[in-house]
Amino acid sequence: MTPCLFSISYAGLWGQAVLKLADFIPHAAKLGFESVMIAGKRPHLSPLDATEQMEPLKAALTAANVRCDVLGAYTNLAQPVGVGCEDLAFVNNEFGDPGILVVCGTNGEGAFYYTWVAGIPEVRVDPGNNNMGNTSAVQAYPGGDYALIMGWSGRHLWRFQDGLINTFNDAPWFQRSDVYALRFQQEGQRALIFGGSFGNPLRGILIEYRHDLYRCPNPFADCDFTDVSIPNFGAAPFAAASGTRLNDAGFRPGCDGGVLVGGKTDFNGSTAQLVKFQIQGARDCGP
């Protein structure tokens, strides 16, 4: 978990101190925060003003060595009727300019992309693909060149790049794996794809994607992923029950490892999992 300072506390909306974004970001760094959450409305980052604010915002974040991991959404940019949205990512459009990709997968399916072209904001609904099925997560490669989207109903890994989502014939298919989430390493060299548990003996499903080594000549049979599932997940030290899920992952900065969290809740109670992982032969994370 990363502590994150929310800019709304400095918006002056309730009579408190007011800081502009350019002043808020170094203030957060001075307080020891490595990450900020920016309010997506005036006086901070309103979609109506974002075009001229984006470059100064990037410069301020870089100068303060602070990340913006979350954007507080106050504006209803689009509303897929009856669809619950699950996740969002900041990813560039076909001109290399920033945008926000939102994926939806509760009580229906859908995706929309908010971006700016020639200074004019626009919303694209299901850009390039209106048949992804239910989606549960999206992660952008650091820098926003592309994003990976996890489809939980069809178990496809979709890719958003240059303003479009790829089609069914180009999306890898995890036919026998219960996967619904993914997480990029900070530097972007790899991502972990994860979800449920499966098999006898039980395995915690975990798949590695490598940015620099990826090739996929046949999305249904020949893609370069590595199965790094947790073996004997039902035995000590995990003692995971059937139906246990891996819900989130975090890479530790500066090394090649991290933690996975998950668990299970049913009528018999709740169990939790906290699993440390280390990539063999890579930068050691220590204890």
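No lab work stands behind these numbers, since they all come straight from the coordinates. Quick caveat: nothing in here was measured; it's all calculated off a predicted structure. Note that each Cβ is placed from the backbone with ideal geometry, even for glycine, and that neighbours are counted across all protein chains shown.
Label Ala241 and Thr265 with points 7 Å out from Cα along Cα→Cβ: what is the distance between them in nm?
So the label points at Ala241 and Thr265 sit 1.3 nm apart.
Can you give me the distance in nm between label points at Asp248 and Gln280, each placed 7 Å from the Cα along the Cα-to-Cβ direction?
Here the modelled spin labels are 3.0 nm apart.
Kindly work out what percent of the DSSP beta bridges joining two residues of the chain are antiparallel, to the nearest 5.
Counting DSSP beta bridges with both partners in the chain, the antiparallel share is about 90 percent.
Given a 10 angstrom Cα cut-off, can you work out which residue in Leu246, Leu157, Leu31 is the most mobile in a GNM of the chain?
Its mean-square fluctuation being the largest, the pick is Leu31.
P(r) for the chain: what percent of alpha-carbon pairs falls in each 10 Å bin, starting at zero?
With a bin width of 10 Å, the distribution comes to 6, 25, 32, 25, 10, 1.
Compute all pairwise cysteine Cβ distances in the chain, then list the cysteines with no distance under 4.7 Å to another cysteine.
By the Cβ distance rule, which asks for a partner under 4.7 Å, the isolated cysteines are Cys4, Cys68.
Just want the ordering: Tyr214, Tyr180, Tyr10, Tyr146, from fewest to most Cβ atoms lying within 10 Å of their own Cβ.
Going from sparsest to densest Cβ surroundings: Tyr214, Tyr146, Tyr10, Tyr180.
Which lysines, if any, have their Cα less than 27 Å from the Cα of Lys41, not counting same-chain residues under 8 positions apart?
Answer for Lys41, where 27 Å is the Cα cut-off: Lys20, Lys30, Lys58, listed by chain and number.
If R0 is 22 Å, what FRET efficiency do you get for Asp69 and Asn130 from their C-beta distance, rounded to 0.05?
E(calc), rounded to 0.05, equals 0.15.
Run the numbers on the chain and let me know its relative contact order in percent, using alpha-carbon pairs under 8 Å that are six or more apart.
So the answer I get is 9 percent.
Could you give the distance between the Cα centres of the stretch 95-161 and the stretch 9-78, to the whole Å?
23 Å
What shape does the stretch 144-287 take by its C-alpha gyration tensor, where a ≥ b ≥ c are the square roots of the eigenvalues and a/c under 1.5 counts as rounded, a/b above b/c as prolate, and the rest as oblate?
Oblate is the answer for the stretch 144-287, as a/c is 1.5 or above yet b/c matches or exceeds a/b.
When the chain is modelled as a GNM with alpha-carbon springs shorter than 10 Å, which of Gly269, Gly250, Gly195 fluctuates the most?
The residue that fluctuates most here is Gly269.
Give me the one-decimal nm value for the distance between modelled label points at Asp145 and Ile120, 7 Å along each residue's Cα-to-Cβ direction.
If labels sit at Asp145 and Ile120, their model points lie 3.0 nm apart.
Using alpha-carbon pairs under 8 Å, 6+ residues apart, how would you state the relative contact order of the stretch 170-221 in percent?
36 percent
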